[in-house]
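K.L.:
Have a look at the structure that comes next, please.
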Amino acid sequence: MKAGVHMRQRPLPTPDATGVYTFPDDLANAHRAHQDRLTARRRAGDATVMEVTAPYGGHPYLIEQRHPVGQPVVVIEPHHDDLVLSASGLFLTRPRPLTVVTVFTRSTSAHRSALAKHPGEEAVSTLRAGESRQALLPVGADQRLLGYRDATPPYRPYDPAVLKLVTADLERVLAEVGAAELLAPVGVTRHPDHLLVHEAARRVGCRWFWEDVAFWQTYGLSTDDRQLFQERVGDSLVPELVDITSVLLDKLTLLYLHASQLQPLHAMYRPLRHAWTTAAALRPADPVCFAERFYRRETQ
């Protein structure tokens with residue numbers, strides 16, 4: 001029996017008036033029960049259940065291996081965790097042959113607890129790359145690392161010269177990968193790395209984007225940021241919601257694998273709470289509890 005079927009039999013926690021405070025604990029309990037079910041399946045000989053390990057802390061988790069089908073997709077992400085935070089539910093729900101191009105892979109960005117154990121750019125970059133490899137295993141993704149350095153606070157507009165270099169690198173990778181549909185961040189967030197990657201993706205022909213605000217609320221969830229985003233894109237982008245309710249706990253597993261960024265562990269609830277809010281547009285007409293938002297560019 002598939003993981004999604006198990007989950008449908010047990011109501012998932014939702015951040016309601018009371019649950020907004022208990023949601024992290026409720027999710028953690030639901031996730032432990034989900035891991036127990038996967039353990040039972042694995043012990044019974046189910047070869048579709050695989051083990052992945054969180055590099056920060058070494059904690060093992062079980063998850064169902066996906067089997068990609070259909071047209072290949074190239075995902076262009078700014079940082080190692082951006083796809084998992086905002087759009088991994090899509091590929092857990094609808095697996096497709098996947099290549100992930102990570103642009104900014106040299107980093108000193110991690111939670112202070114991780115920085116104490118992994119000081120310096122090389123150690124942090126190696127840790128975050130390891131987390132990304134583990135998180136991409138269940139969806140069978142290939143990964144290309146472009147090697148650029150993250151922007152650091154205080155943030156400034158991105159360098160047009162770097163944009164030109166990134167665009168050229170993306171053109172080279174896409175030529176190597178061959179025909180594929182492109183997916184990139186839509187650039188709601190004010191983070192300059194996200195805005196640069198969005199523009200570079202547009203320049204290489206991307207017309208499909210994910211909403212990149214699932215974790216860092218201060219970058220993209222304020223009213224003025226959303227208004228600026230709307231002013232910038234106008235009616236050129238058509239939104240679409242993808243139901244990720246059946247894979248929510250597997251997405252939480254992928255979030256756990258990025259523990260160097262998301263500490264304490266209850267911080268993992270933020271992307272899922274955002275997915276609950278996103279799904280509100282589909283309720284009550286459609287019984288969708290959690291969703292991710294994507295955008296299509298209909299006109300150039």
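K.L.:
Quick check: residue separation of Ala33 and Arg232 times 0.36 nm, minus the Cα distance between them. What number comes out in nm?
P.N.:
On the way: separation 199, 0.36 × 199 = 71.64 nm, distance 4.38 nm.
That works out to 67.3 nm of additional length.
K.L.:
Further question: Rank the residues Asp16, Asp142, Asp193, Asp243 as a footprinting-exposure proxy: fewest other Cβ atoms within 10 Å of their Cβ go first.
P.N.:
Working: Asp16 10, Asp142 13, Asp193 23, Asp243 19.
Lowest count first: Asp16, Asp142, Asp243, Asp193.
K.L.:
Helix 19-43 sits at what angle to the longest principal axis of the chain, using alpha carbons and giving 0 to 90 degrees rounded to 10?
P.N.:
Approximately 70 degrees, to the nearest 10.
K.L.:
Between helix 192-203 and the chain, what is the angle of the helix's C-alpha long axis to the longest principal axis, kept within 0 to 90° and rounded to the nearest 10?
P.N.:
The angle comes out near 70 degrees.
K.L.:
Another question, then. Please build a GNM for the chain, connecting alpha carbons under 10 Å apart, and tell me which residue among Ala114, Ala44, Ala30 fluctuates the most.
P.N.:
Checking each option, the largest mean-square fluctuation is seen for Ala44.
K.L.:
Could you compute the net charge surrounding Tyr61? Neighbours are other residues with a C-beta less than 11 Å from the C-beta of Tyr61; K and R count +1, D and E count -1. It would help to have the intermediate numbers written out before the result.
P.N.:
Numbers: positive: Arg32; negative: Glu51, Asp250.
Cβ neighbours under 11 Å give a net charge of -1.
K.L.:
Here is a further query. Kirkwood Rh over alpha-carbon pairs of the chain, then Stokes-Einstein at 20 °C and 1.002 mPa s: what D in µm² s⁻¹, rounded to an integer? Please list the in-between numbers first.
P.N.:
Numbers: Rh = 19.7 Å.
Using the Kirkwood radius from Cα pairs, D works out to 109 µm²/s.
K.L.:
What is the sum of charges around Ala123, taking Lys and Arg as +1, Asp and Glu as -1, for the other residues whose C-beta is under 15 Å from the C-beta of Ala123? Present the calculation step by step, with values, prior to reporting the outcome.
P.N.:
Details: positive: Arg106, Arg112, Lys117, Arg128, Arg149; negative: Glu121, Glu122, Glu131, Asp150.
For residues surrounding Ala123, the net value is +1.
K.L.:
Pop a pseudo-label 7 angstrom from the Cα along the beta-carbon direction at both Val173 and Thr48 and give the gap in nm to one decimal.
P.N.:
Output for this residue pair reads 3.0 nm.
K.L.:
Also, quick follow-up: Treating only the Cβ of Lys, Arg, Asp and Glu as charged (+1, +1, -1, -1), what charge dipole size does the chain show about its Cα centre? Round to the nearest 20 debye. Intermediate values should be presented prior to the final figure.
P.N.:
Details: 34 positive and 34 negative charges, 97 e Å.
The calculation lands at about 460 debye.
Quick note: the coordinates plus some simple rules give every number you see, no bench work behind them. Note that the structure is predicted; figures quoted are calculated from it, not measured. No Cβ is skipped: glycine too gets one built from the backbone with ideal geometry, and neighbour counts run over all protein chains shown.
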